[in-house]
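One structure is given here, and the rest of the page talks about it.
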Amino acid sequence: MSRIDPHSYADAAQPRVRRLDLDLDVDFDRRILSGEAVLSLDGPGEGPLDLDSKGLLIRGVVTDGGAAVPFELAGEEPILGRRLRLSLPSGTRRVAIRYETSPEAVALQWLEPAQTAGGAHPFLYSQCQAIHARTVIPVPDTPALRVSYRAAVTLPEPLSAVMSAGGAGDRPGPRPFTRTFLFEMPQPIPPYLFALAAGRLAARDLSPRARVHAEPEVVAAAAREFDGVEAMIRTAERLFGPYPWERYDLLVLPPSFPYGGMENPRMTFLTPTVIAGDRSLVDVVAHELAHSWTGNLVTNATMDHFWLNEGATTWAERRILEALHGEEAAVLSWAIGETALTQAFERFGAGSPLTKLRTDLLGVDPDDAFSSIPYEKGSRFFALLERTAGRERFDRFVADYIARFRFTSITSEAFLAFLDERLPGLSASVGAAEWLSGTGMPANAPVFRSARLEELTGLARRFAAGARPDPAAVARWTPSETLVYLQHVPRPLPGAACAELESLFGFLAQGNHELLVEGLTIAAASDWERGFGRIRDVLLTVGRMKYLRPLFKALGGHPRTRALAHEIYAAARPRYHALSRRVVETELAAYPA
Ligand SMILES: [Zn+2]
């Protein structure tokens, strides 16, 4: 037996799955997908084939010749789910698995019409990262093994579907009032990048190769917000080479989506909270776009190497921002990241093994290990390599790295070996071993400073001592400048000081969710009653974990806000994604009702 991933039953000694053909029916009433997955092997195989599954009901398995394939579902392992072992007859090239998903599938969120902008139709979306593809499809669910796929997805009219794939048309469904949408994904992807969404959708072209999809009520605002996406793609191409996935489409989801964005290839999934009205939060798009190279093209072999995906991408995101908006904007972005990094170190403790870049997650759920550390510590490691090697040499290295490992999945050790091959001596001179295996932050971490940043943070820190920014100047601040300032304002504050902040920044009426939520965390930590109504609104609609965690944490400081937090969560829980629920319940455990 040769297991290759602590989070998968996939076995490298067994036949290799190369392609999936899915035929799935979306049942909004029962909240399940049902149908068939055909797995094509890379050659005739026989004997055991171990797949991952969680909550799947397996109805039967046959070969393409029609022979029944014996199968066995092992007992449930809490993190991994159930191993599905097929016993392939000699010469098997393809097997068809008839199955259905569970209404509890973690990867699938089924929304009531009331949770959508239109309010008239249900909505479904998937989120397979980290290890949830197995709740949707029986596959070897490890990023070490890539598959291409085709899919036929049947929906009730008038709903439509999108996937992390090319659209291949649609046709009348097998039953009256249904429609079947066809998709083709020729490039091999790790299973966590499998993605599906279905609902009432409209689309607007942003460029010949980019389109935004959203509910009809949202699509115009989304098209305005993201109209610079083609310029962003071109900037990214100058840095990392030609865009490798043909199309770059965006899908704006209803607000319960637990992440800011998910880099599903050809179809980035986005929270609607990035629609600020002034394009100020499209750095999330820069991040997801950069994943087209770092993450989707060159992929972490297992979740122990997640920093390779996120560290490289966060570094790339800031290089795109710098190219588009200048060095000062990039410095502010690094500073905002530093705040997130500091909070993550505080959450785990600086000596925690979860603060390492190269982790050992055997027996650990990757969702519990998720934090800003692979993003922010990882991107600082990349920035250190860039500074030490010099930008020109390091950019050439990154281009070579992407070319060498494209469409493969690699480990931290393979990355270091390639670094030693192309830039000999660099890894030793920066102490790469300590960066990867050590906890906390190495002493030689790069520092990102500017006079503007010092001015903003200095002014914010003196807030409690009475220092106030000039309102006329504040009106000219960029959203990033305002965010840096608010993040550095000490808390809790007296009520009068909260009111002053509100009159300076008007955060209660902010359309920019970063500013809104930062202002509300100050209000929450300060037990400032005027903020409670807005806190309630946000927590009852938005499921983005980045906002839920600090808000619920900030509500833990006073008996009155604690009671408010528990009351809100009781009402919000049914609307949250399973991933969001876990995050909130972890925070609430610190101050039980
Ligand atoms: Zn990312």
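The values are calculated or read from the model by the stated rules, or taken from the named source; none is laboratory data. Since the structure is predicted, the reported quantities are computational estimates derived from the model, not experimental observations. A quick note on method: Cβ atoms are made from the backbone with ideal geometry, for glycine too, and the neighbour counts reach across all protein chains shown. Surface accessibility is based on the protein's heavy atoms, side chains included, excluding ligands, DNA and RNA. Shrake-Rupley method; radii C 1.70, N 1.55, O 1.52, S 1.80 Å.
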Problem set entry | Of all residues in the range 113-124 being farther than 17 Å from Met262 by Cβ and touching a residue at least 24 places away in the same chain (Cβ under 8 Å), the one that is surrounded by the fewest Cβ atoms within 10 Å (Cβ to Cβ) | Ala120
Problem set entry | Failed condition for Ala350, given (1) among the aliphatic types (A, V, I, L, M); (2) modelled with pLDDT under 95; (3) in a helix (DSSP H, G or I) | (3)
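Here's the yes/no breakdown for (1) buried (at least 21 other Cβ atoms within 10 Å of the Cβ); (2) without any contact (Cβ under 8 Å) to a residue 60 or more places away in the chain:
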| site | (1), (2) |
| --- | --- |
| Thr439 | no, no |
| Pro469 | no, yes |
| Arg491 | no, no |
| Glu518 | yes, yes |
| Arg530 | no, yes |
| Arg534 | no, yes |
Exercise. Name the pairs: first residue in the range 363-382 and part of a helix (DSSP H, G or I), second residue within 14 Å of the ligand (Cβ to nearest atom) and charged (D, E, K, R), Cβ to Cβ under 6 Å, at least 6 apart or on different chains?
Worked result: Pro374/Glu310; Tyr375/Glu310; Gly378/Glu310
Exercise. Yes or no: Pro424 outside any helix (DSSP H, G or I) and either open to solvent by 20 Å² or more (accessible area, probe 1.4 Å) or within 30 Å of Met185 (Cβ to Cβ) (or both)?
Worked result: yes
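The rows are residues; the columns are (1) open to solvent by 20 Å² or more (accessible area, probe 1.4 Å); (2) within 16 Å of the ligand (Cβ to nearest atom).
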| site | (1), (2) |
| --- | --- |
| Ala214 | no, no |
| Glu230 | yes, no |
| Gly261 | no, yes |
| Thr268 | no, yes |
| Arg279 | yes, no |
| Thr294 | no, yes |
| Ala301 | no, no |
| Asp304 | no, no |
Exercise. Looking at the range 543-552, is at least one residue buried (at least 18 other Cβ atoms within 10 Å of the Cβ), more than 25 Å from Ser333 (Cβ to Cβ), hydroxyl-bearing (Ser, Thr, Tyr) and in contact with a helix residue (DSSP H, G or I) (Cβ under 6 Å, 6 or more places away or on another chain)?
Worked result: no
Exercise. Does Val274 count as buried (at least 24 other Cβ atoms within 10 Å of the Cβ), within 13 Å of the ligand (Cβ to nearest atom) and in contact (Cβ under 8 Å) with a residue 40 or more places away in the chain?
Worked result: no
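Each row is one residue, and each column tells you yes or no for (1) in contact with a Ser or Thr (Cβ under 9 Å, 6 or more places away or on another chain); (2) in a loop (DSSP other than H, G, I, E, B).
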residue: Leu239; (1), (2): no, no
residue: Leu250; (1), (2): yes, no
residue: Pro258; (1), (2): yes, yes
residue: Asn264; (1), (2): yes, yes
residue: Phe269; (1), (2): yes, no
residue: Phe306; (1), (2): yes, no
residue: Glu328; (1), (2): yes, no
Problem set entry | Residues satisfying the stated conditions in the range 281-292, i.e. modelled with pLDDT under 95 and either open to solvent by less than 10 Å² (accessible area, probe 1.4 Å) or not aliphatic (A, V, I, L, M) (or both) | Asp283
Problem set entry | Residue list for the range 19-59, filter: free of Cβ contacts under 8 Å to residues at least 12 places away in the same chain and not in a strand (DSSP E or B) | Asp29
For this session: May I ask you to list the residues in the range 407-421 that are among the hydroxyl-bearing types (Ser, Thr, Tyr) and either surrounded by fewer than 16 Cβ atoms within 10 Å (Cβ to Cβ) or outside any helix (DSSP H, G or I) (or both)?
Result: Thr408, Ser409, Thr411
Seminar exercise, completed: If we ask which residues in the range 39-57 are open to solvent by 20 Å² or more (accessible area, probe 1.4 Å) and either under 22 Å from Leu124 (Cβ atoms) or within 29 Å of the chain's Cα centre (by Cα) (or both), their number turns out to be 3
Exercise. Residues in the range 320-338: is at least one within 12 Å of the ligand (Cβ to nearest atom) and crowded, with 23+ Cβ neighbours inside 10 Å?
Worked result: no
Exercise. On the given criteria, is Ile373 surrounded by 23 or more Cβ atoms within 10 Å (Cβ to Cβ) and within 16 Å of the ligand (Cβ to nearest atom)?
Worked result: yes
For this session: Hey, can you tell me all the residues within the range 517-534 that are over 16 Å from Ile568 (Cβ atoms) and either charged (D, E, K, R) or in a helix (DSSP H, G or I) (or both)?
Result: Glu518, Gly519, Ile522, Arg530
For this session: Would you please name the residue that is surrounded by the fewest Cβ atoms within 10 Å (Cβ to Cβ), looking only at residues in the range 442-463 that are assigned to a helix (DSSP H, G or I) and among the charged types (D, E, K, R)?
Result: Glu454
Exercise. So which residues in the range 61-84 are at positive phi and either touching a residue at least 24 places away in the same chain (Cβ under 8 Å) or in contact with a strand residue (DSSP E or B) (Cβ under 6 Å, 6 or more places away or on another chain) (or both)?
Worked result: Gly81
For this session: With a cut-off of at least 2 residues that are in contact with an Asp or Glu (Cβ under 8 Å, 6 or more places away or on another chain) and closer than 30 Å to Pro44 by Cβ, name the strands (runs of 3 or more DSSP E) lying wholly within the range 60-165.
Result: 82-100, 147-156
Seminar exercise, completed: Of the residues in the range 199-210 that are in contact with a helix residue (DSSP H, G or I) (Cβ under 9 Å, 6 or more places away or on another chain) and not in a loop (DSSP other than H, G, I, E, B), the one that is surrounded by the fewest Cβ atoms within 10 Å (Cβ to Cβ) is Asp205
For this session: Kindly indicate the residue of the range 232-244 that is closer than 17 Å to Asn296 by Cα and within 16 Å of the ligand (Cβ to nearest atom) and also most open to solvent (accessible area, probe 1.4 Å) among those meeting that condition.
Result: Phe240
For this session: Filter the range 176-197 down to the residues that are touching a residue at least 12 places away in the same chain (Cβ under 8 Å) and outside any strand (DSSP E or B), then identify the one that is surrounded by the fewest Cβ atoms within 10 Å (Cβ to Cβ).
Result: Phe177
